[in-house]
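Comments concern the structure below.
Derivation of every value follows stated rules applied to the coordinates shown; laboratory data play no part. Everything numeric here is computed off the predicted structure, so don't read it as measured data. Methodologically, a virtual Cβ is constructed for each residue, glycine included, from the backbone with ideal geometry; neighbour enumeration extends over all protein chains shown.
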Amino acid sequence: MKNTALTHIHESLGAKMVPFAGYLMPVQYEGINLEHETVRKGVGVFDVSHMGEFLIEGPDALELIQRISSNDAEKLKVGDAQYSCMPNEQGGIVDDMIVYRVKEHTYLLVVNASNIQKDWEWISKHNRQNADMKDISDAYSLLAIQGPKAVEAMQSLTSVDLSQIAFYKFKVADFAGIDHVIISATGYTGSGGFEIYCKNSEVEQIWNKVFEAGAPFGIKPIGLAARDTLRLEMGYCLYGNDIDETTSPIEAGLGWITKFTKSFVNSEALKNQKEEGVTRRLRAFELETRGIPRQGYDILNEAGEKIGTVTSGTMSPSLKKGIGMGYVNTSHTKFGSRIFIEIRNKPVPAVVVKLPFYKG
């Protein structure tokens, strides 16, 4: 198991540590519900340094990114970030990612920890023009400072006006006494805040100063378990659960990041899917009675026939009810449709709903 540069701090804080994507990571400190509420109402900090970072540079960098990415990176100005995915040749997804345009010919790709090696090989395979590629994952740390009080709590640590960094924008600026860190408004919780990219040698200083500045605002460290409940309440996809090598971006409701204004890996087949329709779609649902849906549970129709599978599910700390997402046959994708989740051999009634679950 790899450690992050902050593993010793998490252990000293009494975090429950678990193996995750090859790293020893904090899953919770004081409890999922308490940590979840801290982010929804105040400010919390996640160590997500296990994520992968690739630098793609040079005059051919954009061409490479355009080939592997479903979204249109040509629209990015310096200081812009963009959510995207890498389609494979069979209609599925290699990974989802965020693309940052750092300089005119320099892009940062942030990928999932469990896919770093796979993604690197995939991008390298498509690097026909020899754009300069660097895997900087092991040298960099990433903190997600999330919650409605994040801007106010962190403002004293930087000369940049944090309130002026719009969603999916970023600044390279001073933060917590360190020059040239990336301050990015790209969190995955739906409660606002920032992600801070810095070198491993800098992250402990930043962590300590973040907690000093945040103390009057009740700042707390937050584990990966609450990160999962927070992202699920927003309906954000998790790779390995809701999207993978067998799910297409069209089926997954990611048509909005799939731009057919350019050619990319498998774009023709995905365009046909969009035009002709698909047989299943990723949909959100809420349970109508008590129960907790889990990944892998069957989704049934009123006759008890299987029409899909749950990909993510939990007891929502904000809504106090069972919520989830899953792929269902298109006959049952209409909002308001009645479906059933098989929980311990019993069909539990649920209704198909629009995302997000949590409206703020």
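Straight Cα distances below 12 angstrom link Lys274 to the aspartates and glutamates Glu251, with same-chain residues fewer than 8 positions distant left out. When the pairs Lys16/Lys359; Lys118/Lys354; Lys16/Lys149; Lys149/Lys209; Lys16/Lys199 are compared against a 23 Å limit on Cα-Cα distance, Lys16/Lys359; Lys118/Lys354; Lys16/Lys149; Lys16/Lys199 fall above it.
Highest mean first, how do 134-140, 175-181, 245-251 rank when packing is the count of other Cβ atoms within 10 Å averaged over residues? Please report the intermediate quantities before stating the final value.
Details: 134-140: 15.3, 175-181: 17.7, 245-251: 20.3.
Output ranking for 134-140, 175-181, 245-251: 245-251, 175-181, 134-140.
So which lysines pass the test for Lys346, namely a Cα distance under 17 Å, with those fewer than 8 places away in the same chain ruled out? Once the sequence-local lysines are set aside, what remains near Lys346 is Lys306. Simple spin-label estimate for Thr330 and Asn272 gives 1.5 nm between the two label positions (7 Å along the Cα-to-Cβ direction from each Cα).
Look at where the Cα atoms of the stretch 1-75 and of the stretch 237-305 average out, and the two centres are 24 Å apart.
Given the -39500 (n - 2.57) contribution per DSSP H run of 4+ residues, what per-residue ellipticity at 222 nm results for the chain, rounded to the nearest 500 deg cm²/dmol? Walk me through the numbers on the way to the answer.
Working: 8 runs with 75 residues, N = 360.
Rounded to the nearest 500, the figure is -6000 deg cm²/dmol.
Its Cα centre serving as origin, the stretch 279-360 has a Cβ charge dipole (Lys and Arg +1, Asp and Glu -1) of approximately 240 debye.
Using 0.36 nm times the number of residues separating Lys354 and Ala215, minus their current alpha carbon distance, what extension gain do you get?
Details: separation 139, 0.36 × 139 = 50.04 nm, distance 3.66 nm.
Working it through step by step, the gained length comes to 46.4 nm.
Can you give the extra length, in nm with one decimal, that the chain gains between Ala303 and Gln155 once fully stretched, where that is 0.36 nm per residue apart less the Cα-Cα distance? It would help to have the intermediate numbers written out before the result.
Working: separation 148, 0.36 × 148 = 53.28 nm, distance 5.63 nm.
Full extension of this stretch gives 47.7 nm more.
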